[in-house]
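The values are calculated or read from the model by the stated rules, or taken from the named source; none is laboratory data. Worth saying up front: this structure is predicted, and the values here are computed from it rather than measured. Note that each Cβ is placed from the backbone with ideal geometry, even for glycine, and that neighbours are counted across all protein chains shown. These accessible areas exclude ligands, DNA and RNA; they are computed on the full protein's heavy atoms, side chains included. Shrake-Rupley method; radii C 1.70, N 1.55, O 1.52, S 1.80 Å.
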Amino acid sequence: MPHETLWEIAKAEVEKKGINGSEGDGVEIGEKSVFFIGSKNGKTTIILRCLDRDEPPKPTLALEYTYGRRAKGHNTPKDIAHFWELGGGTSLLDLISIPITSDTLRIFSLVLVLDLSKPNDLWPTMENLLQATKSHVDKVIMKLGKTNSKAVSEMRQKIWNNMQKDHPDREIIDPFPVPLVIIGSKYDIFQDFESEKRKVICKTLRFVAHYYGASLMCGSKFSCETNLESFSFPRSKSICVDQNKPLFITAGLDSFSQIGSPPVPENDIGKLDAHSPMELWKKVYEKLFPPKSTNMLKDIKDPARDPQYAESEVDEMRIQKDQELEQYKRNSSKSWKQIELDS
């Protein structure tokens, strides 16, 4: 019996749950689509914990999909979660468009995993991935708004509901268009950093998370039983902002006044040429942790294509792999469009 492909399994799951088969807005309660992006290490481990799989994580080469079911109680329908994981850090941004469609958007959440043990890579990883994801989500929302403006309004209202109406920062923040959770991994290494470095990293992550209306979690272990109950993020009122302990801040419970100003002498703040609070925090952060991974930027020349390093056999294999990746992108897009049509 031939093995089913990933896309056949995904299609079967969507058809089984009838994601577009019910009346109303087409979304079935108890279904969640969670997209993990971020640093090269940590995402797979978290997903395996969510699925209760005791197995060593394998490297994610491109975009991977899996799913899990969990019963709320005895004789009740099982919740289902679709887990997507983007591999390659920031090198495969084009694949972001595959799991985020107008049909998945209303049950969609984003998890950004950042490697705390590599603070010099943290800001560019975070910035590039969030910008690319937000750009695509905005396009999908605009497309969805043309056919279902009510759904778009409900999505926006749901995001703003995370913050109290009388919160002092309500007019300042810019919530991410879909639920966002930022997770700091490799906490066991991070906690051995000197106090001042931990302070800068913690305050910076708190600022970014609060500005985007996101939840923030940094710890040695991430438990889906606690933080992804029924595959949705909880409205826990517990909070920990102590840089000497694992951070845990639910969206909307922090504030700029509690976070404080960027950790730099007041006399130096005026010298920084910044046009927005986000840009100011970036300059302060990168002053202490200058980016090292310049190859993360797309405008940097790819050394693998430099003629001085040419090797025929390696180059032929590289071309073949590039073609396979492009074919993978096309097939992935077609497969999910077909799922939408068949649903």
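Worth pointing out:
- For beta carbons closer than 6 Å, sequence separation of 6+ or different chains, a first residue in region 73-88 that is outside any loop (DSSP other than H, G, I, E, B) and at pLDDT below 75 and a second that is loosely packed, with under 13 Cβ neighbours inside 10 Å and of a type outside the set (Lys, Arg), the qualifying pairs are Lys78/Ala71.
- Within region 102-119, the set of residues being farther than 23 Å from Phe193 by Cβ and not small (Gly, Ala, Ser) comprises Asp103, Thr104, Leu105, Arg106, Ile107, Phe108, Leu110, Val111.
- Only listed residue being within 30 Å of Asp94 (Cα to Cα), within 23 Å of the chain's Cα centre (by Cα) and modelled with pLDDT under 80, chosen from Met278, Met296: Met296
- The condition of being among the aliphatic types (A, V, I, L, M), at pLDDT below 95 and open to solvent by 70 Å² or more (accessible area, probe 1.4 Å) does not hold for Ile173.
- Among the residues making up region 84-126, those that are open to solvent by less than 10 Å² (accessible area, probe 1.4 Å), touching a helix residue (DSSP H, G or I) at 6+ places or on another chain (Cβ under 7 Å) and over 15 Å from Gly38 (Cα atoms) are Ile100, Leu105.
- Residues in region 224-266 that are acidic (Asp, Glu), open to solvent by 30 Å² or more (accessible area, probe 1.4 Å) and modelled with pLDDT of 60 or more: Asp242, Glu266.
- All of (1) outside any loop (DSSP other than H, G, I, E, B); (2) open to solvent by 80 Å² or more (accessible area, probe 1.4 Å); (3) among the basic types (Lys, Arg); (4) closer than 30 Å to Gly260 by Cα hold for Lys134 with one exception: (2).
- Members of region 97-145 found to be without any contact (Cβ under 8 Å) to a residue 60 or more places away in the chain and among the β-branched types (Val, Ile, Thr), listed by number: Val137, Val140, Ile141
- Check on Ala81, small (Gly, Ala, Ser), crowded, with 18+ Cβ neighbours inside 10 Å and over 14 Å from the mean Cα position of the chain (by Cα): yes
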